[in-house]
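Everything on this sheet refers to the single structure shown next.
The values are calculated or read from the model by the stated rules, or taken from the named source; none is laboratory data. Remember, predicted model here, so these are calculated numbers, not experimental data. When we count neighbours, we look across all protein chains shown, and the Cβ atoms used for this are built from the backbone with ideal geometry, even at glycine.
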């Protein structure tokens, strides 16, 4: 599943209590592996059952590329027409495109970026 690839590609680790340095990039490099847990569906927290129809999934398929601990690019596929809420790092700015064209975004009261997505469309986020 795409979500597993996202976690494998990211430089983020989930460490056991015995390895307190495991949640750092140095810990990952030292061990040479990334450990993570997944739910039965394999997509939480980005994909979940539609409460109106449990036979369908809603949410987003997410693929994230990192370089030197910073976002290089995030590719997000919307599984339903819904709002995508993004919390960028402080003082960072993101550009959102779909099919090569800029996508309009707004901000909510918490200053999170909001993008209204369409089912089946792919959105690309990159640092400005």
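Considering the range 65-128, the qualifying strands (runs of 3 or more DSSP E), each wholly inside and each with 2 or more residues that are closer than 29 Å to residue 24 by Cα and within 15 Å of the chain's Cα centre (by Cα), run over 70-78, 83-86, 94-98, 122-127. Would you confirm whether any residue within the range 37-44 is assigned to a loop (DSSP other than H, G, I, E, B), on the phi > 0 side of the Ramachandran plot, under 18 Å from the mean Cα position of the chain (by Cα) and at pLDDT below 65? Yes: the range 37-44 contains one or more residues that are assigned to a loop (DSSP other than H, G, I, E, B), on the phi > 0 side of the Ramachandran plot, under 18 Å from the mean Cα position of the chain (by Cα) and at pLDDT below 65.
The number of residues in the range 105-125 that are more than 17 Å from residue 59 (Cβ to Cβ) and at pLDDT 95 or above comes to 1. Applying the set (1) in contact with a strand residue (DSSP E or B) (Cβ under 6 Å, 6 or more places away or on another chain); (2) surrounded by 13 or more Cβ atoms within 10 Å (Cβ to Cβ); (3) more than 26 Å from residue 25 (Cα to Cα) to residue 49 leaves exactly one unmet item: (1).
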